[in-house]
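Derivation of every value follows stated rules applied to the coordinates shown; laboratory data play no part. Predicted, not measured: the structure shown is a model, and the values here were computed from it. For neighbour counting, all protein chains shown are included, and Cβ atoms are generated from backbone atoms with ideal geometry for every residue, glycine included.
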């Protein structure tokens with residue numbers, strides 16, 4: 001019986017017991033109890049991703065706790081960063097200062113993760129970033145406590161630029177939010193497009209909470225680009241795409257990983273979302289060898305929120321933290337060293353290996369397109385087969 005199947009069986013049993021008792025199972029008296037943490041956007045525009053990731057981290061803990069072979073029992077401390085750097089720093093400080101918390105799965109938004117790495121280093125709290133993709137999170141400082149299980153936006157833009165050029169697109173207009181996340185996406189995308197022979201007609205920086213894009217899109221319309229590339233998160237991506245339609249900007253919409261959310265489709269409606277593109281680290285659950293087992297376990301727990309794009313990463317990250325504590329005990333420094341030593345581990349998201357900066361060095365980037373109200377992997381879509389066409 002493989003490990004994930006065994007965990008899934010434990011989770012199903014636990015869900016049944018919870019349903020009968022209406023309460024959490026308490027730790028076995030023989031086990032010492034410790035805390036682990038989760039920080040992500042639990043409220044606000046990005047909460048659908050943050051809540052799904054938190055639930056996945058909680059699932060990993062529940063599966064661990066009902067494993068009779070486990071030495072320790074764990075409790076989850078969950079904090080909201082709202083995808084805002086100042087709130088994120090407060091949450092990180094509160095969590096890292098609690099010595100009873102041995103490790104944490106943290107952050108979807110890059111601006112928040114960039115602002116908190118110093119906190120984790122100062123307090124020595126081992127964290128695995130599950131969703132933020134700015135390169136500097138792992139590469140600017142090389143803090144031993146900070147790891148990242150997802151790839152970086154460098155990988156993402158290498159794939160996306162090559163793909164767009166292969167589709168025959170040559171003329172691009174770029175809109176990016178002015179956070180480090182948006183600016184870095186723009187930097188690498190424009191670099192790879194230009195190197196590949198494409199033309200960047202114009203670049204526009206917008207604030208992360210900007211509502212009206214009339215000025216930018218009017219200028220873009222006059223340039224007649226083939227593609228509008230948007231680097232930001234999905235709430236703003238909804239507004240950009242909707243206003244493109246309103247102003248008659250007849251160009252292909254291309255988004256970064258921050259756009260890949262079911263909430264993007266819900267916000268636009270299936271008709272406007274149809275044919276929009278996004279690129280995201282990892283593979284969809286249905287493509288993963290153990291994806292169905294994960295979904296069965298997640299569903300059995302009865303979480304109110306569906307597992308969105310980052311849930312598998314959060315699940316694996318929390319599993320790795322719990323296993324590290326099991327191996328080395330409740331010592332933050334030893335936990336961090338154990339996590340850094342992971343090489344070629346088979347996980348739900350594929351193999352994971354951390355390099356000398358704590359960065360997963362085996363990332364995979366998937367291409368997505370909206371078809372009939374759903375995000376589909378490009379290769380499985382009518383667009384890839386030629387039955388439907390992107391905008392030209």
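Quick rundown of the values:
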read-out: Isotropic mean projected area of the C-alpha convex hull, the stretch 89-148 (nm²); value: 3.3 nm²
read-out: FRET efficiency for residue 219 and residue 170, using Cβ-Cβ distance with R0 set to 22 Å, rounded to 0.05; value: 0.70
read-out: Rounded to 10°, Cα long-axis angle of helix 47-65 versus longest principal axis of the chain; value: 30 degrees
read-out: Over the stretch 201-240 - Rg/Rh using Cα atoms and the Kirkwood inverse-distance radius; value: 0.93
read-out: Antiparallel content of DSSP bridges confined to the chain, in %, to 5; value: 25 percent
read-out: Cubic angstrom per residue, convex hull over Cα atoms of the stretch 287-341; value: 118 Å³
read-out: Label point distance in nm, residue 389-residue 98, each placed 7 Å from Cα along Cα→Cβ; value: 5.7 nm
read-out: Fraction of alpha-carbon pairs over 23 Å apart in the stretch 246-392 - percent; value: 48 percent
read-out: Cα gyration tensor category, rounded, prolate or oblate, for the stretch 39-123 with a/c compared to 1.5; value: oblate
read-out: On Cα atoms only, tilt of 153-166 relative to the major axis of the chain in degrees; value: 40 degrees
read-out: Three-way shape label, the stretch 326-376, alpha-carbon gyration tensor, a/c 1.5; value: prolate
read-out: Paramagnetic reach from residue 286 in the stretch 352-386 [backbone N under 18 Å; point 7 Å along Cα→Cβ]; value: 366-386
read-out: Ranked list, fewest to most other Cβ atoms within 10 Å of each Cβ, for 321, 175; value: 175, 321
read-out: Where only C-alpha atoms are counted, convex hull volume of the chain per residue in Å³; value: 132 Å³
read-out: Kirkwood Rh in Å, taken over the stretch 102-253 so that all alpha-carbon pairs contribute; value: 16.5 Å
